[in-house]
Amino acid sequence: MRLPAHPFFTAAAIVSVMPARRFAGLRSALATVPFLFLGVAIATASGFWLGLALIALSAYLTLYLWTSFLSFYEDQSLMSLPATPEQLASPWFRTKWPRFVDFTTAGILAAVPDAEAPAAILEQIFRSRFGAFFFERTGIEPESWFASMRNTVREGMPTLPVADLIERAARVAVARAHRRILPADVLAAVIAEDPSFQKIILAHDLAPLDFEYLADWFTTLAEHRRERNFVDRLLASPGIGKAWGFGFTVALDRASSPVRAFREDELHILAHAKSIGEIEEALAKSASANAMLIGAPGIGKMTVVRGLAERIRRGQSLPALNYRRVVRIAMEDIVGEQSFGSVVGNLERIFREAEYAGNAILVIEDIELYLSPGRKTTVADALLPFLRSSAIKIVGLTTPEGFAQAAATYPVVGSVFHEIRIAEPDEETVMQILGDVALAAETKHRRTVQYQTLKKVYALALHYLAATPFPEKAVNLLEEVFIYAKETGSRIATPDMVEKVLARKFGAVIGRVEEGERKILVNLEQELQKRVIGQTEAIRAIADAVRRKRSGVAAGSKPIGSFLFLGPTGVGKTETAKALAYVYFGAEDSMIRLDMSEYQNPADLGRLIGSLDTREVGRLVEEVRAHPFSLLLLDEIEKAHPNVLNLFLRILDEGRMTDAFGKPVDFTNTFIIATSNAGSEFIREALGAAMPYADMQRRLVEEVLQKNIFRPEFVNRFDAVIVYTPLSREQAQRVARLFLERLRRRLMGEGYDLSWTDAVLAWLAEKGYSPVFGGRELRRLIQDQVEANIARDILAGKYKKGDTIPLAPPAETPPPPAPASAPVAAAPLLPSTSAPISPSTSVASPSTPESGSGQASSEQATPPSPLDISAH
Amino acid sequence: MPLQFFRWHYGDGFRQTAILSVNIAVGCFNYFSVLELARTLFLPWHRIIEGYGRGFDPSTFFSTLAGNIISRILGAIVRLVVIVVGLAVSAGAAFLGALWIALWPLLPLVIPTALIWGLFLIGFNVF
């Protein structure tokens, strides 16, 4: 493409095919050679060596001039972009556009033959240094990428005059606050223009915004590679003698450490430029020049201080602050001293010394600990007088709640400190920081990281680590991913490792649906019905919600599923919850169970979400933070106070809440199930009247609303209101089988087996069926009549390990055990007077057909065991 | 391309060289804190100074005064040494910078001349 005649474009065109960096090593190596030869020439008084020195000098100077020329315009454009997009629409811009492209883009454009074909520009972008970086960091095969692009071109890519394309790219650049047009801006313009290219990037699992982040990362990498030359280092050096006019600080030096910034902090610091500016202004004042940095732990308060310290050290801050000492006082060590008197004495000595020295800026982390009432009050009294001194500057670091508490205790805190609140960085900044951190981590762990990994780190940290702010949570997660890559021996930290690290942390499946999980999800109804008898509608609604969430169809900012279970007692509400926790999270104990009848007063709210007054951490908050992948079961929800129910409105709606200390709690990975017996009578009546399920569901909701048991906005927040119907006799028999199967599993754990007949099940269903108490009555019956007797017989030594304990109904009293069978302990028959079933004599070895399965029926060949009818 | 190179050499390149040379001289001047030290030349060394206390005791007063004067003199000596060294280094840097600025426009001539002369000296008969 024909570009204006200017050294900028000439250098760009050369660099695009022959990077200047290639000559850097040779230039450095040649720098000393002329002087060496000159030295030899002088020592030997030889014209030959002088000649060599002159040749080496001419070679070095040629290389110096050449590389200086090629690298001079790097990361520059001839002009900065106008601040507003309106100026881009002028005819002037259309003629002057080459002046606004950056050096890399100029090289790309110079290499493109056809000015009308965006496809050619695109291809050249991906063949440039940026393209090489793109393929390296995304793991995309260049050949497959170019093949996709060629196919797109064949399908017909629109032509566009380059001035139009650059004008659009300039708009993107202005929107992104770039000062010149970068390759990523041109890419964004093409992507916006051409839907076929959008398909290519989507097919490679990328989004248009990714190119911006990749371009930022590319720039960061170039910045890290840039060697700081002698002049840069000289100008950034504080030099000597700047502190000679200020006092010595022996005690302060012992109790503090200087705050320094490192090269890897640079981007973090840039992310907090605004806060650093604010703190500089606050500290440069003549009186009460103290600053309080307020922000959640991990948000970057210390980074702000490091940025400030670095600017001060380099003399780039305000004149009143330049070349002062920024030191962090180890308050924890001072306060940890054994003698309290020495604590106060030490503190006073340190502060007095700092005051006298005149150039100290003291940084105190967690300052609220020393400004709060309690045993350290005297510490606060020692500290406060110095806050008014004009000769000392103090920077306090605290949390929002810590500051509120300190200001409430000591109102003076509000006037002597300038408040600076640190905001959580946005996605773009976090991605920039991650790119920066990744480069340092790559060197440290000797592993490389893909761009998709950084993206996944951001996305999953946002979603799963709600309690910690950015950037800390993302930086920590990335570090863990590198460690995981090291542990598994992988050279590359890949995106799936982020999911694995979190899965290991939370003990739950994270990320895409795997094949094994896919099967569970497809058959979820069957899985749940293995444990819950009947209640088909409830189970279907739950299974649908789970599938929606795991397939990514459901909104991400809500709990996985939220259900209000209404129905009489003992019909399987809690059992459904347990089954779901087991199937979805892999363990029944992945359930947080709250008895809401314990939260009937407004004051009980503190026990759920914490209390600032008592410093108590709420149970709900604590449990969900510790186990974010859980099922939250709210038993007897109708008994909770309305204020408590209001708390759940936001949780059900947004999937998150804020605790009493202002920290967020994430519920987007929890199921929330509230159970209530409200409307049980209505359900029975409706069933009696043979009302269809859907009608019953609708009428029941109307009923609970009419009776003011729940408010409409509360009921509407649930994904579904599920009505549980009372058990039928037939279902009671299936429930009995379920209970016996569980009992058998427990016994097998102890080394015994259990068998029963269909008659036993029928008998249990007959005696244990209760329309009022549902399965509970049946469980009670089994506990009282079966489990109790088995326990007694085992303790009495009737059964040995390996024996099968047979059950039979009263009418089927079996004969005594056959002597030929496996060793058994004979049990005496008890009079069949009152109560029903109990185990009696063990008759079969574990290998006998009827033992164990729970499938054994009265028709089976082996005779049933004697029935023990015990009177209790 | 050669035309664009020379355009850079006598335009942006020359400007950059001049700025760089000035920056080195200023950097040296700043590194040795010449201005700060001159401004605080007679301040006590690290603020080591004794208070005169309450009341007036001639012996205490004069011994304190002597100590404080010594602190100031010591401070002045050290500062003066650094100021002198700083000025010398800065002047040297400024001289070399000026030389480099003066040499820069001549480099397109200096380089071939050095090459030809060098070849001549090692025995090539270039003429």
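Every number in this text was worked out from the coordinates using simple rules, so none of it is lab data. Keep in mind that what you see is a predicted model, and the values were worked out from it rather than measured. Cβ: placed from backbone, ideal geometry, glycine included. Neighbour counts: every protein chain shown.
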With 0.36 nm assigned to each residue of separation and the Cα-Cα distance removed, A:L26 to A:A762 gains 255.6 nm
Could you work out the longest stretch of chain A that avoids the chymotrypsin sites (Phe, Trp or Tyr not before Pro) located in DSSP loops with at most 15 other Cβ atoms within 10 Å? A:263-872
Evaluate E = 1/(1 + (r/R0)^6) for A:R711 and A:Q198, where r is the Cβ-Cβ distance and R0 equals 56 Å; express this FRET efficiency to the nearest 0.05. 0.75
Under the Karplus curve 6.51 cos²θ - 1.76 cosθ + 1.60, θ = phi - 60°, whole-Hz ³J(HN,Hα) for region B:91-104, x wherever Gly or Pro sits: 5, x, 5, 5, 5, 5, x, 5, 4, 5, 5, 5, 6, 3
Over region B:2-124, what relative contact order in percent results from Cα pairs under 8 Å that are six or more residues apart? 40 percent
Explain nothing, just the number: dipole magnitude of chain A about its Cα centre with +1 on each Lys and Arg Cβ and -1 on each Asp and Glu Cβ, in debye rounded to the nearest 20. 2000 debye
Theoretical FRET efficiency, 1/(1+(r/R0)^6), r = Cβ-Cβ of A:E337 and A:K486, R0 41 Å, to 0.05: 0.50
With just the Cα atoms defining each centre, how far is region A:190-251 from region B:33-82? Give it in Å. 47 Å
May I ask you to compute the full-extension gain from A:S551 to A:F262, defined as 0.36 nm times their residue separation minus their alpha-carbon distance, rounded to one decimal in nm? 99.7 nm
For region B:2-124, what does the convex hull of the Cα positions come to per residue, in cubic angstrom? 124 Å³
Stretchable slack from A:K800 to A:D114, in nm (0.36 nm times residue separation minus alpha-carbon distance): 237.9 nm
Surpassing 29 Å at the alpha-carbon level, of the pairs A:K199/A:K473; A:K473/A:K558; A:K455/A:K505, are A:K199/A:K473
Determine the dipole magnitude for region B:2-124: charges of +1 sit on the beta-carbon of Lys and Arg, -1 on that of Asp and Glu, nothing else is charged, the reference point is the Cα centre, and the result goes in debye to the nearest 20. 120 debye
What FRET efficiency, computed as 1/(1 + (r/R0)^6) with R0 = 41 Å and r the Cβ-Cβ distance, is obtained for A:R780 and A:E424, rounded to the nearest 0.05? 0.15
What is the distance, in nm, between label points placed 7 Å from the Cα along the Cα-to-Cβ direction at A:A408 and at B:D57? 5.4 nm
Taking the Cα centre of region A:354-466 as origin, sum charge times position over the Cβ atoms of Lys and Arg (+1) and Asp and Glu (-1), and report the length of that vector in debye to the nearest 20. 340 debye
Around A:A207, which amide H atoms from residues at least 5 apart in sequence, or from another chain, sit under 5 Å from its own amide H, with H modelled in the peptide plane? none
What percent of all Cα-Cα pairs in the protein assembly as shown falls in each 10 Å bin, counting up from 0? 2, 8, 12, 14, 15, 14, 11, 9, 6, 4, 3, 1, 0, 0
Where labels lie 7 Å past Cα in the beta-carbon direction, separation of A:L384 and A:A45 in nm: 8.5 nm
Under the 7 Å Cα-to-Cβ spin-label approximation, A:F35 and A:E348 lie apart by a distance in nanometres of 5.8 nm
Given charges at Cβ of Lys, Arg, Asp, Glu: the protein assembly as shown dipole, positive-most of A:T725, B:I101, A:A12: B:I101
Can you compute the label reach from A:Q526? Point 7 Å from Cα along the Cβ direction, backbone N cut-off under 17 Å, restricted to region A:571-615. A:583-584
